[in-house]
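Only one structure is covered here, and it is reproduced in the block below.
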Amino acid sequence: MSVNTPEPPQIDTGKAHPARVYDWLLGGKDNYPVDEAVGEKLPPEARDAARQNRQFMNRAAAWLAGQGIDQFLDIGTGIPTEPNLHQIVQGVVPHARVVYTDNDPIVLRHAEALLVSSPEGITDYIQADVRRPGGIIEHAREVLDFDRPIALSLIALMHFIPDDQDPHGIVGELLAALPSGSHLVLSHAASDRLAELAEQVTAEYARAGIRLGFRTREGVARFFDGLDLVEPGLVTAPEWFRSSPAPEPEESGIYAGVARLG
Ligand SMILES: C[S@@+](CC[C@H](N)C(=O)[O-])C[C@H]1O[C@@H](n2cnc3c(N)ncnc32)[C@H](O)[C@@H]1O
């Protein structure tokens, strides 16, 4: 277990942060009044979206571990919320290795909850920005074997990277480092579903100084270009289920998919 940062960066309680607003939406306690103020202004469907997204993560991680994937690189991890990814995958494959990454200092502060690995496995935490993928890969190599399949999870992350920051190029660079048999797990807020909700969320986050880049289905599908989407393909988060029982049908503004690198 290690945290790759010499000086823990300061937590800014004067400005809302994505990880903390999301924590508020999930009913967590690791947020500040400034984050709550943003969450309070959002329609209730935003809380549904957060829950649907997190439940997708749970199902996708369990499915991948069930396929024998035992290495995970999770970028945009968020504040620990049980069950965390390593708890899910190590429940299936106890020796699984998980490298977590986030750029928010509050996630680093809570990283010890992410670093309680099973005795047979390893968990690690990198304080880093997805917009510098090369550095993340370099650190992740200390724990993960890049000659064997890795699941790269970018769950509710890429809509924080607007088009002018080359989101598809960033994902392409991360995927280029992974060997055949690896998987991409990605969820993403939609601009072409529940459009009113998308507009309200984008506007409230913008007022709080957070830029969002919600995307159409086509824009999200581009992240999977050249990969083999596993069934049921790129669908809404509640529609993506594999081994667990199907959730109740519900509207969702979150796209989700898992794909394999050939
Ligand atoms: C909505 S939360 C998702 C958390 C978790 N992946 C989940 O789906 O339950 C988005 C996370 O991405 C992180 N994030 C946003 N921009 C980032 C960036 N440029 N680099 C790394 N992490 C980032 C935020 O700090 C936050 O923790």
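The values are calculated or read from the model by the stated rules, or taken from the named source; none is laboratory data. Treat the numbers as computed from the prediction; the structure is a model and nothing was measured. Heads up, the Cβs are rebuilt from the backbone with ideal geometry, glycines too, and the neighbour counts pull from every protein chain shown. Remember, those area values only see protein heavy atoms, side chains included, never the ligands or the DNA or RNA. Shrake-Rupley method; radii C 1.70, N 1.55, O 1.52, S 1.80 Å.
Quick notes
- Test: residue in the stretch 123-130 that is modelled with pLDDT of 95 or more, in contact with a Pro (Cβ under 7 Å, 6 or more places away or on another chain) and of a type in the set (A, V, I, L, M): no
- The set of residues in the stretch 140-166 that are over 14 Å from the mean Cα position of the chain (by Cα) and within 13 Å of the ligand (Cβ to nearest atom) comprises 162, 165, 166.
- Considering 231, 248, 204, the condition of being among the charged types (D, E, K, R) and assigned to a helix (DSSP H, G or I) is satisfied by 204 alone.
- Within the stretch 32-53, the residues that satisfy the criterion of being farther than 19 Å from residue 229 by Cα, of a type outside the set (A, V, I, L, M, F, W, C), within 13 Å of the ligand (Cβ to nearest atom) and open to solvent by less than 30 Å² (accessible area, probe 1.4 Å) are 35, 39, 52.
- Here residue 212 does not qualify as more than 13 Å from residue 156 (Cβ to Cβ) and either in contact with a Cys (Cβ under 8 Å, 6 or more places away or on another chain) or of a type in the set (A, V, I, L, M) (or both).
- For the stretch 102-117, the set of residues classified as open to solvent by less than 10 Å² (accessible area, probe 1.4 Å) and out of contact with any His (no Cβ under 8 Å at 6 or more places or on another chain) consists of 107, 111, listed by residue number.
- Within the option set 13, 77, being among the hydroxyl-bearing types (Ser, Thr, Tyr), out of contact with any His (no Cβ under 7 Å at 6 or more places or on another chain), within 14 Å of the ligand (Cβ to nearest atom) and not in a helix (DSSP H, G or I) holds for one residue only, 77.
- On the stretch given as the stretch 13-31, residues that are surrounded by fewer than 19 Cβ atoms within 10 Å (Cβ to Cβ) and of a type in the set (Ser, Thr, Tyr) total 1.
- The stretch 183-209, residues that are within 30 Å of residue 14 (Cβ to Cβ) and under 17 Å from the mean Cα position of the chain (by Cα): 187, 188, 189
- Scanning the stretch 118-128 for residues that are open to solvent by 20 Å² or more (accessible area, probe 1.4 Å) and either within 24 Å of residue 187 (Cα to Cα) or within 14 Å of the ligand (Cβ to nearest atom) (or both) yields 127, 128.
- Counted residues, the stretch 80-101 - those being open to solvent by less than 10 Å² (accessible area, probe 1.4 Å) and away from the ligand (no atom under 16 Å from the Cβ): 1
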